[in-house]
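> My questions will all concern the structure given below.
The values are calculated or read from the model by the stated rules, or taken from the named source; none is laboratory data. What you see is a predicted model, and the numbers here were worked out from it, not measured in a lab. We place every Cβ from the backbone using ideal geometry, glycine too, and count neighbours over all the protein chains shown. Heavy atoms of the whole protein, side chains included, go into the accessibility calculation; ligands, DNA and RNA do not. Shrake-Rupley method; radii C 1.70, N 1.55, O 1.52, S 1.80 Å.
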Amino acid sequence: MPEVFIDGKRYEYDEEKDEMLLQFILDQGLEVPFFCYHPSMSIPANCRQCMVKVGTPVKDRETGEFELDENGERKIRWFPKPQTSCSTPLQEGMVVHTQETSEDIARAQKDNLEFILVNHPLDCPICDQAGECPLQIQTYKYGPEGSRFEVKKVHKPKHVDLGPRVTLDAERCINCTRCVRFTEEISETHQLTIVQRGDDNYPATAPGEEFDDPYSLNTVDICPVGALTSTDFRFKARVWEMNQTPSIDITNGKGCNVDLWTRDNEVLRITPRQNEEVNDYWMPDEGRKAYEQFNENRVDRPSIKLDGDNQSNTSWNNAIETFAEVLEANDPGDIAIIGSPHASVEENYAFNKFFNLLGVENAKFTPHVIPGAGDGFLITDDQAPNTNGCRVIKLDEEEDTSIQSTVAAAKVVIILSDDLVGREVLSPSDIDDPYTISLATNHNKTTKASDLVIPITCVAEHAASYVNVDGRIQRSYPAKETKYTNRRLNLEMSEGRLDRFGTNFDNWVSEENKVDCLPVWDFLNKLADRLGLDFEYNHSREIFAELSSSINELQNITYERMDEENGVQLPIKQKEVKA
């Protein structure tokens, strides 16, 4: 195989990949600073920070063999100036010196950083990017210790609302053009460009236009400084105050890989997590707003309808007793259970199995589809994260009219985590006659019309799996505590500085942010105890282990394998989601 030599070490590379030097260096676990380069976009090489010293071996024109010097070593022809490694293709026998072995390169990178910082404001103490800012980090590592610039800095527009979700501080911009290239090459909306010239330029929209790209917040993620910030997240928290937990976007069927960032048991922001098989580095803006449903309008404590349309909070013991009495008072044939493409594989399976043990017919579900809502990229017509998961575990897929008929014929209707009234599958009058029980994460039109509401954990509070529209199964991790879980006792939950060193007496620790809810399987365990039913799952892992051993499509799949492979592609046929 062809070889290159980087800082005196030999590396082999695949000639067919047509790799650039910088990406190859990064893939080897080595470091070269850069700002404008992004592996999923074109290469402008305009920041000049990734400079390295490059030499190539001299070949004999006649024989094509490498020429040797008097010591028997290959003759090297050095480029007269440092080269930008992001735009330099790998070449057989290439010799590369980075800042680690070349004083000239270290000095070039230091001088380049000083030039970039000439007009950069000292906003680090108030900048949202502080702590995760490439410019800040690389200045500490490779930059000058101070500034020799003693003239007034250039001033540009600050606090500019580019659109409904992105705020611009033009003085911080270093003109890497990542944001512009994103709108040109990834989202293809072409909404951003660089305006003005020289040291006055910065990104902007056309006059009279706003930056309302449905993927606009990805520009905040890739901005190497604090020039573009999330309007929602501005000044809410420092990165070192938050816990970072891997999860799945549940706002549509694509299942983008995300990170949930929590502080004081609240999800403060959601950012994309790289997965080349699903979403690459990106996610739609709509998925980032899911933090609101994790924090707000939660079903907190069971509630029961006593008089008329008014619901009152009740105890868990009373909720379990009421639930059990309703089941005991009705024949299994008069009970209808409705699963949900919005709930996880484990929730649907445990829910269905529990009632099957009582003699109730298989759970039904109806896909949540909005025709035309998808864009062929990361937004899908399917609005639920687990439609294929319901199919894999063999729930009965029904159209809306069939669900309506099922409800009309039942005396008891039990709905798992689906706002069927809100999405107009059912009307409030449809569930007036049957006794309706909702197991839900958030208050909605369905819970409002229900006779008994059981609060259950959301995707941010439990470990569970989901099968996306492409048939790929992925899983979530718990990021938030409930009233009955403890971050320090759960090995799957991340623990930040405030969690490790905080106490209940500190003003950043609040019990109010813990929801009084249970995982579906945990609640069903308690209900099974009351009914004398042989049913018990202590963790979602136990449920999935049972699924893996009993369902062909899930054989040899474990949580560990999903973690290692960033999800697993299932051997299932892709089915067109019904509208």
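> Tell me which of these GLU495 doesn't satisfy, since it passes every other one: (1) in contact with a Lys or Arg (Cβ under 6 Å, 6 or more places away or on another chain); (2) part of a helix (DSSP H, G or I).
Looking at each condition in turn, GLU495 falls short on (2).
> Within region 84-107, is there a residue that is more than 21 Å from MET20 (Cα to Cα) and either open to solvent by less than 60 Å² (accessible area, probe 1.4 Å) or among the basic types (Lys, Arg) (or both)?
Within region 84-107, one or more residues are more than 21 Å from MET20 (Cα to Cα) and either open to solvent by less than 60 Å² (accessible area, probe 1.4 Å) or among the basic types (Lys, Arg) (or both).
> Let me ask something additional. Suppose we keep only residues that are of a type in the set (Ser, Thr, Tyr) and modelled with pLDDT of 95 or more within region 252-295. Which one would you say is nearest to ALA440 (Cα to Cα)?
Top of the filtered list is THR271.
> Return the residues of region 135-174 that are open to solvent by 60 Å² or more (accessible area, probe 1.4 Å) and touching a residue at least 60 places away in the same chain (Cβ under 8 Å); say none if nothing qualifies.
LYS141, ASP161, PRO164, ARG165
Yes/no matrix, rows are residues, columns are (1) of a type in the set (A, V, I, L, M); (2) open to solvent by 20 Å² or more (accessible area, probe 1.4 Å); (3) under 22 Å from THR245 (Cα atoms); (4) in a loop (DSSP other than H, G, I, E, B):
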{"residue": "ILE270", "(1), (2), (3), (4)": "yes, no, yes, no"}
{"residue": "GLU277", "(1), (2), (3), (4)": "no, yes, yes, yes"}
{"residue": "ASP300", "(1), (2), (3), (4)": "no, yes, no, yes"}
{"residue": "ALA319", "(1), (2), (3), (4)": "yes, no, no, no"}
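Results for (1) open to solvent by 60 Å² or more (accessible area, probe 1.4 Å); (2) assigned to a helix (DSSP H, G or I); (3) closer than 30 Å to GLY374 by Cα, shown as yes or no for each residue.
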position: LEU527; (1), (2), (3): no, yes, no
position: PHE535; (1), (2), (3): no, no, no
position: ASN538; (1), (2), (3): yes, no, no
position: GLU542; (1), (2), (3): yes, yes, no
position: GLU546; (1), (2), (3): no, yes, no
position: SER549; (1), (2), (3): yes, yes, no
position: ILE557; (1), (2), (3): no, no, yes
position: MET562; (1), (2), (3): no, yes, yes
position: PRO571; (1), (2), (3): yes, no, yes
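> Same structure again: Using the structure shown, decide if THR193 is open to solvent by 50 Å² or more (accessible area, probe 1.4 Å) and polar (S, T, N, Q).
Judged against the criteria, THR193 is a match.
> Go through region 393-427 residue by residue and tally those that are closer than 14 Å to PRO341 by Cα, open to solvent by 50 Å² or more (accessible area, probe 1.4 Å) and in contact with a strand residue (DSSP E or B) (Cβ under 8 Å, 6 or more places away or on another chain).
Qualifying residue count, region 393-427: 1.
> Another one. So, THR231, is that one closer than 13 Å to ASP285 by Cα and surrounded by fewer than 16 Cβ atoms within 10 Å (Cβ to Cβ) or not?
Judged against the criteria, THR231 is a match.
> Tally up the residues in region 327-355 that are part of a loop (DSSP other than H, G, I, E, B) and more than 39 Å from the chain's Cα centre (by Cα), please.
So the count comes out to 3.
> Go through region 139-161 and count every residue that is within 26 Å of the chain's Cα centre (by Cα) and either of a type in the set (Gly, Ala, Ser) or within 21 Å of CYS50 (Cα to Cα) (or both).
0
> Look through VAL58, VAL52 and report the one residue that is touching an Asp or Glu at 6+ places or on another chain (Cβ under 7 Å) and either open to solvent by less than 70 Å² (accessible area, probe 1.4 Å) or more than 26 Å from TYR142 (Cβ to Cβ) (or both).
VAL58
> Next question. Suppose we filter GLN293, GLN311 for residues that are open to solvent by 50 Å² or more (accessible area, probe 1.4 Å), part of a strand (DSSP E or B) and more than 21 Å from THR177 (Cα to Cα); which single one remains?
When all the criteria are applied, what remains is GLN311.
> Okay, moving on. In region 444-470, which residue that is part of a helix (DSSP H, G or I) and in contact with a Ser or Thr (Cβ under 8 Å, 6 or more places away or on another chain) is farthest from PRO341 (Cα to Cα)?
ALA449
> Another question, then. Can PHE211 be described as modelled with pLDDT of 95 or more, open to solvent by less than 50 Å² (accessible area, probe 1.4 Å) and assigned to a helix (DSSP H, G or I)?
no
> Next question. Just to check your reading of the model, which residue among THR183, THR189 is more than 30 Å from VAL54 (Cβ to Cβ), part of a helix (DSSP H, G or I) and under 29 Å from the mean Cα position of the chain (by Cα)?
Of the residues listed, the single one that is more than 30 Å from VAL54 (Cβ to Cβ), part of a helix (DSSP H, G or I) and under 29 Å from the mean Cα position of the chain (by Cα) is THR183.
> Out of the strands (runs of 3 or more DSSP E) lying entirely within region 1-72, which hold 3 or more residues that are touching a Phe, Trp or Tyr at 6+ places or on another chain (Cβ under 6 Å) and not basic (Lys, Arg)?
Fully inside region 1-72 and qualifying: 51-57.
> Is it the case that some residue within region 445-457 is in contact (Cβ under 8 Å) with a residue 24 or more places away in the chain and within 18 Å of the chain's Cα centre (by Cα)?
Looking for residues that are in contact (Cβ under 8 Å) with a residue 24 or more places away in the chain and within 18 Å of the chain's Cα centre (by Cα), one finds none in region 445-457, hence no.
> Can you find, within region 477-514, the residue that is surrounded by the most Cβ atoms within 10 Å (Cβ to Cβ) among those that are of a type in the set (Gly, Ala, Ser) and modelled with pLDDT of 70 or more?
Among those residues, the one meeting the criterion is ALA479.
> Just to be sure I understand the filter: pairs with C-beta atoms under 9 Å, separated by 6 or more residues or on different chains, first member in region 12-25 and open to solvent by 100 Å² or more (accessible area, probe 1.4 Å), second member in a helix (DSSP H, G or I) and at pLDDT 95 or above. Which pairs pass?
LYS17/PHE24
> If LYS254 passes every condition in (1) without any contact (Cβ under 8 Å) to a residue 24 or more places away in the chain; (2) within 27 Å of CYS223 (Cα to Cα); (3) not aromatic (Phe, Trp, Tyr) but one, which one does it miss?
(1)
> If you take the residues of region 328-363 that are among the acidic types (Asp, Glu) and crowded, with 17+ Cβ neighbours inside 10 Å, which of them is nearest to ASP400 (Cα to Cα)?
This residue is GLU347.
> Can we say ILE379 is more than 19 Å from ASN444 (Cβ to Cβ) and hydrophobic (A, V, I, L, M, F, W, C)?
When the stated conditions are applied, ILE379 passes them.
> Looking only at residues that are touching a Gly at 6+ places or on another chain (Cβ under 6 Å) and charged (D, E, K, R) in region 444-476, which one is surrounded by the fewest Cβ atoms within 10 Å (Cβ to Cβ)?
LYS445
> Say we look at region 434-443 and pick out the residues that are assigned to a loop (DSSP other than H, G, I, E, B) and either open to solvent by less than 50 Å² (accessible area, probe 1.4 Å) or in contact with a helix residue (DSSP H, G or I) (Cβ under 8 Å, 6 or more places away or on another chain) (or both); which of these is farthest from ASP300 (Cα to Cα)?
My answer is PRO434.
> Which one of these does TRP78 not meet: (1) under 23 Å from CYS223 (Cα atoms); (2) aromatic (Phe, Trp, Tyr); (3) surrounded by fewer than 20 Cβ atoms within 10 Å (Cβ to Cβ)?
(1)
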